[in-house]
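Here is the structure we will look at.
The values are calculated or read from the model by the stated rules, or taken from the named source; none is laboratory data. Small disclaimer: the values here were computed from a predicted structure and weren't measured. Positions of Cβ are generated from backbone atoms using ideal geometry, with glycine treated the same way; all protein chains shown enter the neighbour counts.
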Amino acid sequence: MVASPLILASGSAVRATLMRNAGLAFTVQDSRVDEDAVKQNFAGGDADALACRLAEEKALAVSRAEAGSLVVGADQILSCDGARFDKPRDMAEARANLQRFRARTHILHSGVVLALDGEIVWRHSAQAHLTMREFSDGFLDWYLDKLGEKVRTSVGCYQLEGPGIQLFDKIEGDYFTILGLPMLPLLGELRRRQVVQ
């Protein structure tokens, strides 16, 4: 079986790096999906389903124009105490979000799908539970000063591979799920489809 060309329907540098580091051959096409519109039109409060819906919309937007290509779509939602959070719009919102997450467990809901010829052919969702420690306002000031605008690039205002790891007491979940692309299930499905060995 000849493998279909693989496309990542995302502008996320992190997702592209994860796939590249895994040895996958693919191209990148940003789907340009209006995520806010998808969220506003989403019926129901299930964050896992919303993460998958966003991933589906991204994959389908590219797949409809790329016949014969297998398109990867992925997205992530953060929930804490029943509320959903987006990437912070500014530093004040980043501070407020981190204060809200402090000494609590939040959930990262990651969805990944594959689309082929304008149809979703596979989907997977996964969760990671992350518990922030009771850090001081002084530590928060240091953290925000050290990272600056970088905190606005992720929904949780952290990157675990940097100083963000200092925010946490406990992490339960797959590293790739935390980064927004559950790689092991994706690779398993790509092997099943003989896209990779």
Go through the range 171-193 and give me each residue that's among the acidic types (Asp, Glu) and farther than 22 Å from residue 13 by Cβ.
172, 189
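Would you point out which residue out of 67, 83 is at pLDDT below 95, surrounded by fewer than 20 Cβ atoms within 10 Å (Cβ to Cβ) and over 29 Å from residue 137 (Cβ atoms)? Even if it seems obvious, please write down each step before you answer.
Working: 83 fails: over 29 Å from residue 137 (Cβ atoms).
The match here is 67.
Is the range 41-56 home to any residue that is within 19 Å of residue 180 (Cα to Cα) and not in a helix (DSSP H, G or I)?
Looking only at the range 41-56, we keep the residues that are within 19 Å of residue 180 (Cα to Cα), and these are 46-56.
After this cut, where a residue has to be not in a helix (DSSP H, G or I) as well, the list is 46.
Within the range 41-56 (the criterion being within 19 Å of residue 180 (Cα to Cα) and not in a helix (DSSP H, G or I)), the answer is yes, since at least one residue qualifies.
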So for the range 84-93 (the condition being within 20 Å of the chain's Cα centre (by Cα) and in a strand (DSSP E or B)), does at least one residue qualify?
yes
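The rows are residues; the columns are (1) surrounded by fewer than 18 Cβ atoms within 10 Å (Cβ to Cβ); (2) of a type in the set (A, V, I, L, M); (3) over 21 Å from residue 117 (Cβ atoms); (4) under 16 Å from the mean Cα position of the chain (by Cα).
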site: 21; (1), (2), (3), (4): yes, no, yes, no
site: 25; (1), (2), (3), (4): yes, yes, no, no
site: 34; (1), (2), (3), (4): yes, no, yes, yes
site: 41; (1), (2), (3), (4): yes, no, yes, no
site: 44; (1), (2), (3), (4): yes, no, yes, no
site: 47; (1), (2), (3), (4): no, yes, yes, yes
site: 53; (1), (2), (3), (4): no, no, no, yes
Being closer than 24 Å to residue 111 by Cα and either surrounded by fewer than 17 Cβ atoms within 10 Å (Cβ to Cβ) or touching a Ser or Thr at 6+ places or on another chain (Cβ under 8 Å) (or both) narrows 168, 139 down to just 168
Scan the range 43-61 residue by residue and report those that are in contact with a helix residue (DSSP H, G or I) (Cβ under 8 Å, 6 or more places away or on another chain) and of a type in the set (Lys, Arg).
53
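Would you check if there is a residue in the range 171-190 being among the hydrophobic types (A, V, I, L, M, F, W, C), touching a Cys at 6+ places or on another chain (Cβ under 9 Å) and either modelled with pLDDT of 95 or more or surrounded by 20 or more Cβ atoms within 10 Å (Cβ to Cβ) (or both)? Give the derivation first.
Step one: filter the range 171-190 for residues among the hydrophobic types (A, V, I, L, M, F, W, C), giving 171, 176, 178-179, 181, 183-184, 186-187, 190.
From the residues that got through so far, the ones that are touching a Cys at 6+ places or on another chain (Cβ under 9 Å) too are none.
The answer is no, given that none of the residues of the range 171-190 is among the hydrophobic types (A, V, I, L, M, F, W, C), touching a Cys at 6+ places or on another chain (Cβ under 9 Å) and either modelled with pLDDT of 95 or more or surrounded by 20 or more Cβ atoms within 10 Å (Cβ to Cβ) (or both).
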